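The values are calculated or read from the model by the stated rules, or taken from the named source; none is laboratory data. If you're wondering where the values come from, they're calculated on a predicted model, not measured in any experiment. Positions of Cβ are generated from backbone atoms using ideal geometry, with glycine treated the same way; all protein chains shown enter the neighbour counts.
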Amino acid sequence: MNPFIVLEALDAGGSQTQTDLLSARLKKEGYVPHQYHFPQEDRATGRMIYDKFLLFKNKYPFSRREQALLYIQDFFSKQEEFLEVISSTKEKAILVSDRYATSTMAYQTIGLPGAKRKEMMNWVTWLCYKNTPALPKPDIVLFLDTPVEVSLQRLAKKKKDFFETKEKLTAIRNSYLKIAKEQKWVVFNSVDENGEQKTREALHEEIWTAVQKRLTK
């Protein structure tokens, strides 16, 4: 089976940039990367997320389960295509995705106490990976841990969506870090020990080192 790599981050946390750099590096090294981004702005499933939820300021609130289903249908729109890449006999094919079901797990468990969090995690996991048909599971999840203040600075000149406030981003980051520990994701700090932002090139080299270890297993 061909590898499936997922990159996760806060909004403006650099996942799109690092996905682009990783895909370019894989191609340079002789691999055949198949790159994706979620939500998909060019598909009906992704546009529904943006137009009816993220950019609509939640005027008509969705429950956690309704939010999860919006995103999961977007992932499932690529399910067959993903399985084709992963099972392809083409040498060195690799699936690379900027966000995936792993982000839904993080977002929809924000602030939930123990039993309710476990219930939500089990439900999302069942929908994505244990039901029929099922989404493919990532082989490695890379989380780019960006301080909330840095994320907000990068978002300052952009049109913000529903989740892009200091309070929400802080809660999302905490949720991501909790799942990253539980599921043994690879976590990268986007700032150095002095609090200075790392260059995209330096962060890419760290990511590439981790990916190489997985590819050579």
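Computed quantities for the displayed model
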item	result
Residue count for segment 98-150, restricted to those that are more than 19 Å from T165 (Cα to Cα) and in contact (Cβ under 8 Å) with a residue 60 or more places away in the chain	14
Hits in segment 184-204 - residues which are more than 17 Å from V96 (Cβ to Cβ) and not hydrophobic (A, V, I, L, M, F, W, C)	K184, N189, S190, D192, E193, N194, G195, E196, Q197, K198, T199, E201
Residue in segment 26-33 that is outside any helix (DSSP H, G or I), surrounded by fewer than 18 Cβ atoms within 10 Å (Cβ to Cβ) and among the charged types (D, E, K, R) present	yes
Test: residue in segment 82-92 that is part of a helix (DSSP H, G or I), within 13 Å of the chain's Cα centre (by Cα) and surrounded by 19 or more Cβ atoms within 10 Å (Cβ to Cβ)	no
All positions within segment 186-202 that are within 17 Å of A9 (Cβ to Cβ) and of a type in the set (G, A, S)	S190, A202
So A134, is it at pLDDT 95 or above and surrounded by fewer than 17 Cβ atoms within 10 Å (Cβ to Cβ)	yes
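To keep it simple, each residue is scored yes or no on (1) more than 19 Å from R214 (Cα to Cα); (2) touching a residue at least 24 places away in the same chain (Cβ under 8 Å); (3) part of a helix (DSSP H, G or I).
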| position | (1), (2), (3) |
| --- | --- |
| E8 | no, yes, no |
| A24 | no, no, yes |
| G46 | yes, yes, yes |
| Y50 | yes, yes, yes |
